[in-house]
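These notes concern the structure reproduced below.
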């Protein structure tokens, strides 16, 4: 491809000279990873080194895969070339295609890949719960289990020990699958410590076989097994995808690393054409997943020995003061007393771009440090600063990056009260429980006879108010009024379009909420014929008005649809009405009942990639983890102090790390190291986990810093002698002005 070489940086020129073989690309934040992979793919096609169908780009997010396909197609179209056949896919989607192709080509005639069921985390826990109940019917097993899952009543996480147990079991099962452990091996490791987990693992595998279902771990492991044992299938994929490119390679897992080796390594019959792009300094998920930057680091070292590693250390994203701060954090980490934490970062300093898009002018850039007196003072102060900033730059892209979702929610609520434009899609997750409650109660209202709708309407009004965070002032008085003869009919079907007058003893805001809900119910009554996949998002749109809730409702509808006929439902009640399971809508309602038992926010969380992007001037409030890949003109990172709600978020010492669920942690770690000889002691595993956690939190702060283009503000609150910021934060912010 003819390139504007004068606009390319030296590392980019070197990468575009690639025509085959291995290539490792280590890239700093803002170096243009997507740009260079897009250009390289198009160049290989235009110059005849590869057909579009011979290129496979593996990503970790659907949005990234779509971006690659769109940009490559655009580049080739400018040269009258087609990108038809090029594959850009998430790793899990690619693995599913391998499994389905096996069924189509090699399975028996009565087997097909189209019938495979893909289980979410919520569905996995739903399958495990009944088997846990069976296990606990044995008195001895129950006595042992209750000793370990006894609740204190003080910790909200312990309110449902069954839920805690199936969550721990799901994580342990994931570990077993990622490391290809058999049920007998799991029994040998956990049989005396947590015997319910081997039992649940066997039951879970039997359920998957019975239902012809797979989970996300299965998709990778089954694809690996098929490629290892079916030479014809492996050769087909190796011939089809002669060039494999992996984006965000620092997040590769052991299983994914094995998959890529099977596709590309010459010892397995592959072409050897493998390009891996990543940034180990942005590896921020290894402490709670099986992602591990050591695989990408090892690949980089092997490529460097052959002169096939390129470092993209030039970035045009940030101004010099921000790059200096990021580089200072890397340097500070080298002073850590623990040898593992000292290696948290690769020694790659971010440099200003020498070609292409220029960096922001240093004269308009700045980094600030601010110590506030209290949490409320910090939040109000930051929001005031943002409001002033937007008055000066109303089209600016602005973000507040928080340690947790609840903290981001608090800032978002405060911004609304202050009249600051808020990106409503910016909540990375919307709490599933209240939304599912609204969906259930709305379905109940639509399904019951009119003479019993008043009670259902009040119940729905209460759920809607709770989900919208607009609680009723006088629920008892509102209920009494709405239950009166003819009141509800008058609200839903008002005479001449006018709602009845508000009684003097009824709170004005409560009455307004009831009138508004009645108006929306009138719309939903006309939509009750819609299939569940359309009806549930419609309910969320009408009653909650939140795009995140609509996405969540769509996911809940899909999960509920898949659950129909696959769970041992018993007739359930909503109010005093029995659900008729012959009614498809009632089946969905019953499925929502089951889903609500074990649903966690992560199970059907909504992400920014599923929503419309922020408009200019809208402020985004999100977690540091979810900010990865984003960039903003101005960034605020609050609460960098030692404690937040008695938790240590940015520890420096290993003993400052808190391991929250020790049962789940122990099971997971013991399974990860099940084949080690000798097997490490639990104390050693816990020590290693603390090392990983401290290193990862250093990288998380690095990710937050490098989101900023022009302005970055770091802050903390409530410093006291016993609650001072950790050493590295004090060293990092030394000399920064307020």
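The values are calculated or read from the model by the stated rules, or taken from the named source; none is laboratory data. What you see is a predicted model; the values in this text were computed from it and never measured. No Cβ is skipped: glycine too gets one built from the backbone with ideal geometry, and neighbour counts run over all protein chains shown.
Considering the stretch 294-321, and only residues there that are crowded, with 18+ Cβ neighbours inside 10 Å and farther than 23 Å from residue 12 by Cβ, the residue that is farthest from the chain's Cα centre (by Cα) turns out to be 321.
From the list 682, 729, which residue is modelled with pLDDT under 90, surrounded by fewer than 17 Cβ atoms within 10 Å (Cβ to Cβ) and out of contact with any strand residue (DSSP E or B) (no Cβ under 7 Å at 6 or more places or on another chain)?
Just a single option satisfies the conditions, and that option is 682.
The rows are residues; the columns are (1) surrounded by fewer than 23 Cβ atoms within 10 Å (Cβ to Cβ); (2) within 30 Å of residue 624 (Cα to Cα).
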residue: 230; (1), (2): yes, no
residue: 249; (1), (2): no, yes
residue: 257; (1), (2): yes, yes
residue: 278; (1), (2): no, yes
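Across the stretch 54-107, what is the number of residues that are within 23 Å of residue 236 (Cα to Cα) and part of a loop (DSSP other than H, G, I, E, B)?
7
As a summary of the residue check, residue 367 satisfies the conditions (1) over 21 Å from residue 631 (Cβ atoms); (2) touching a strand residue (DSSP E or B) at 6+ places or on another chain (Cβ under 9 Å) except for the one numbered (1).
The residues on offer are 324, 361, and the sole one that is loosely packed, with under 14 Cβ neighbours inside 10 Å and closer than 23 Å to residue 736 by Cα is 361.
Would you mind stating whether residue 218 is surrounded by 15 or more Cβ atoms within 10 Å (Cβ to Cβ), in a helix (DSSP H, G or I), within 29 Å of the chain's Cα centre (by Cα) and at pLDDT below 95?
For residue 218, the condition - surrounded by 15 or more Cβ atoms within 10 Å (Cβ to Cβ), in a helix (DSSP H, G or I), within 29 Å of the chain's Cα centre (by Cα) and at pLDDT below 95 - is met.
All of (1) at pLDDT below 95; (2) surrounded by 16 or more Cβ atoms within 10 Å (Cβ to Cβ); (3) within 24 Å of the chain's Cα centre (by Cα) hold for residue 73 with one exception: (3).
Listed by position, the helices (runs of 4 or more DSSP H) inside the stretch 307-418 whose residues that are not assigned by TED's automatic domain parsing to the domain that holds residue 618 number at least 3 are 320-333, 339-342.
The numbered conditions (1) assigned to a helix (DSSP H, G or I); (2) outside the structural domain of residue 296 (by TED's automatic domain parsing); (3) in contact (Cβ under 8 Å) with a residue 40 or more places away in the chain are all true for residue 184 except (3). Residues in the stretch 490-499 that are surrounded by 14 or more Cβ atoms within 10 Å (Cβ to Cβ) and modelled with pLDDT under 80 were compared, and the one that is nearest to residue 463 (Cα to Cα) is 492.
Residues in the stretch 146-165 that are within 19 Å of residue 129 (Cβ to Cβ), at pLDDT below 90 and outside any loop (DSSP other than H, G, I, E, B): 148, 157, 158, 161, 162, 163, 164.
Would it be correct to say that residue 336 is over 18 Å from residue 29 (Cα atoms), without any contact (Cβ under 8 Å) to a residue 40 or more places away in the chain and under 31 Å from the mean Cα position of the chain (by Cα)? The answer is no for residue 336. Please verify whether the stretch 387-401 includes one or more residues that are touching a residue at least 12 places away in the same chain (Cβ under 8 Å), surrounded by fewer than 18 Cβ atoms within 10 Å (Cβ to Cβ) and touching a helix residue (DSSP H, G or I) at 6+ places or on another chain (Cβ under 8 Å). No, the stretch 387-401 contains no residue that is touching a residue at least 12 places away in the same chain (Cβ under 8 Å), surrounded by fewer than 18 Cβ atoms within 10 Å (Cβ to Cβ) and touching a helix residue (DSSP H, G or I) at 6+ places or on another chain (Cβ under 8 Å). Please determine whether any residue of the stretch 461-474 is surrounded by 14 or more Cβ atoms within 10 Å (Cβ to Cβ), at pLDDT 75 or above and over 24 Å from residue 416 (Cα atoms). Checked against the condition, which is being surrounded by 14 or more Cβ atoms within 10 Å (Cβ to Cβ), at pLDDT 75 or above and over 24 Å from residue 416 (Cα atoms), the stretch 461-474 yields no hits at all. Remark: pairs (first residue in the stretch 288-309, over 19 Å from residue 217 (Cα atoms); second residue surrounded by fewer than 17 Cβ atoms within 10 Å (Cβ to Cβ); Cβ separation under 7 Å; 6+ apart in sequence or on different chains) = 308/21. Can you tell me which of (1) assigned to a strand (DSSP E or B); (2) at pLDDT below 95 is the one residue 284 doesn't meet? All conditions pass for residue 284, except number (1).
Of the residues making up the stretch 627-649, those that are crowded, with 19+ Cβ neighbours inside 10 Å, at pLDDT 90 or above and not in a loop (DSSP other than H, G, I, E, B) number 6.
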